[in-house]
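*Asks:* I have a structure I would like to understand better, so I am pasting it below and will then ask my questions one at a time.
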Amino acid sequence: MNRLSQLTATALLALSGAAAAASPASPAPHWVASWQASPQPVWSADFLFPTLIPGQLQDQTFRQSARISLGGARLRVRLSNAYGTQPLRIGAASVAAHTGDTPQPLRFDGQPGVVIAPGQDRLSDPLPLPTADRQALQVSVYLPDPTPLQTFHWDGRQTSWIAPGDQHRLPALHGANSTTARLLLSGIDVEAATSARSVVVIGDSITDGATASLDQDQRWTDHLAARLAPEGVAAVNAGISGGRLLRDGMGQSALERFQRDVLDQPGVASVIVLIGINDISWPGTAFARGETRPTLAELQAGYRVLAERAHARGLRILGATLTPFAGALPGTPLDDYYAPGKDAQRRQLNAWLRTDSPFDAVIDLDAALRDPADPSRMAAAYDSGDHLHPGDAGNRAMAEAVDLEVLMGPSTRGVDLLRR
């Protein structure tokens, strides 16, 4: 038995003992976050990037694919109206275990539909649909009323479909149009073994999967999920393209969304933080012409807040060094994203992360991806071509740089979740 399996077994014994002491009955279902798409507010038409979605849906079905990390005996889905300004009426929703299967209807308090208040989300009733690790599910949602689209996840790296009428129970959609944005669906939980746990990775476009092959599940968190699944651990992606640590970007700041996207996820035991490059590089670009860069001390303070909040919940939290980006985004409106002064600040921040960070451990992704001959640049073999985002090979290298035993060990600060 390897060390990670021993840790999982120890956690299972401890949790089983606690459950037995609390009640002689069978233990309550253990829900674990297995998939996530962090909600973002839909931006206005004058933003630098198009939304990729219509302004509203009416009498239409939205279908998307989601590859879960861990399977289980039952599942439940989370639908979000996080940034809506009016109630969101869901007419019906369904899940298909495989592409082409007849979808099974979801229920909400026993009803086929639900109204979600502004700023809220809603979990479905548990659906007895057995799933396997790394299984791709098809989730469909029917919206009968005129519904302004105010909450989405912009960069899904997956083709989704908008079809006319109520087609949520059909194996194949008719007359559908495609998009790569995600709507409505923000999470999938599974009922798994008592020892099952999840790792949440909070980050920006590098974690969200920008430039990873479309429809191929090649984000670095996908590769991490494949490594963790045999150990009974899910990897949940809380990346938002354009995300920042301290300030809102193309979504709320990591400080603001940490509660929702990390701490509120069921079964979470560990967190990986890979965010900060947009804090350093956005100011002065078309994204934020009038902003000044945060100081090193401000970035360090932001990391400390995340670490303190994770440790207060007994979670293990790992930081990751920021990856090289010299020459980033050439030939685009953001070709001034890189500058030597910005890279100097990245290196300062990385040096601090390696030597004096508040995290339980640090994953050196900078070292994993950089060109040994020019450390300010990403190695060509790992570069997607835009010199900022890794390609598929780079994403795999990032996942392989994670020491699983270090990732799932006990927290070195605060309460140890696996032993409490």
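The values are calculated or read from the model by the stated rules, or taken from the named source; none is laboratory data. Bear in mind the structure is a predicted one, so any value in this text is a computation, not a measurement. Glycine gets a Cβ as well: all are built from the backbone with ideal geometry, and neighbour counts include every protein chain shown. These accessible areas exclude ligands, DNA and RNA; they are computed on the full protein's heavy atoms, side chains included. Shrake-Rupley method; radii C 1.70, N 1.55, O 1.52, S 1.80 Å.
*Asks:* Based on DSSP, what percent of beta bridges with both residues in the chain are antiparallel, to the nearest 5?
*Replies:* Beta bridges within the chain, antiparallel portion: roughly 70 percent.
*Asks:* Would you mind working out the magnitude of the charge dipole of the chain relative to its Cα centre, with +1 at each Lys and Arg C-beta and -1 at each Asp and Glu C-beta, to the nearest 20 Debye?
*Replies:* Using only the charged Cβ atoms, the result is roughly 800 debye.
*Asks:* Further question on the same structure: Along the Cα→Cβ direction, 7 angstrom out, place labels at GLU291 and ALA193. What is the inter-label distance in nm?
*Replies:* Taking the two extended label points, one gets 4.4 nm.
*Asks:* Using DSSP H assignments, which helices in the chain have an axial alpha-carbon span of 30 Å or above and a mean Kyte-Doolittle hydropathy of -1.0 or higher?
*Replies:* Helices meeting the span and hydropathy rule in the chain: none at all.
*Asks:* Could I ask something else about it? Need one number: nm distance between label points at ASP336 and GLN259, each 7 Å from Cα along Cα→Cβ, rounded to one decimal.
*Replies:* Modelled inter-label distance: 3.7 nm.
*Asks:* Next up: For the chain, what does the helix formula give at 222 nm: sum of -39500 (n - 2.57) over DSSP H segments with n ≥ 4, over the residue count, nearest 500 deg cm²/dmol?
*Replies:* Rounded to the nearest 500, the figure is -6500 deg cm²/dmol.
*Asks:* In square angstrom, what is the accessible area per residue of the chain with a 1.4 angstrom probe?
*Replies:* It amounts to 38 Å² per residue over the chain.
*Asks:* Let me ask something else about it. What order, most packed first, do the peptides 159-172, 310-323, 233-246 have when packing is the mean number of other Cβ atoms within 10 Å of each residue?
*Replies:* Taking the mean over residues of other Cβ atoms within 10 Å, the ranking is 233-246, 310-323, 159-172.
*Asks:* Hey, what's the per residue convex hull volume over the C-alpha atoms of the chain, in cubic angstrom?
*Replies:* In the chain, the Cα hull volume divided by residue count equals 140 Å³.
*Asks:* Still on this structure, I have one more. Which value, to two decimals, describes the C-alpha radius of gyration of region 68-226 once divided by 2.2 N^0.38 Å?
*Replies:* It is 1.03.
*Asks:* At 1.4 Å probe size, with the rest of the protein present, what percent of the exposed accessible area of region 217-347 is carbon and sulfur atoms?
*Replies:* 51 percent
*Asks:* Right, here's the next one. Using a basic spin-label model with each label point 7 Å from the Cα along Cα→Cβ, how many nm lie between GLU400 and GLU298?
*Replies:* 3.9 nm
*Asks:* Given a cut-off of under 8 Å on Cα pairs at least six residues apart, what relative contact order in percent is computed for the chain?
*Replies:* 17 percent
*Asks:* Under the Karplus relation 6.51 cos²θ - 1.76 cosθ + 1.60, θ = phi - 60°, what is the ordered set of whole-Hz ³J(HN,Hα) values for region 133-148, x standing for Gly and Pro?
*Replies:* Per residue, the Karplus-derived 3J(HN,Hα) values read 4, 6, 8, 8, 10, 10, 10, 10, 9, 9, 10, x, 9, x, 10, x Hz.
*Asks:* Still on this structure, please answer the following. Determine the gain in length on full extension of the stretch SER376-ARG107; use 0.36 nm per residue of separation and subtract their C-alpha separation, reporting nm with one decimal.
*Replies:* Additional length available on full extension: 91.7 nm.
*Asks:* Ordered by packing density, taken as the mean number of other Cβ atoms within 10 Å over each peptide's residues, highest first, how do 149-155, 117-123, 98-104, 255-261 rank?
*Replies:* Top of the packing list down: 149-155, 255-261, 117-123, 98-104.
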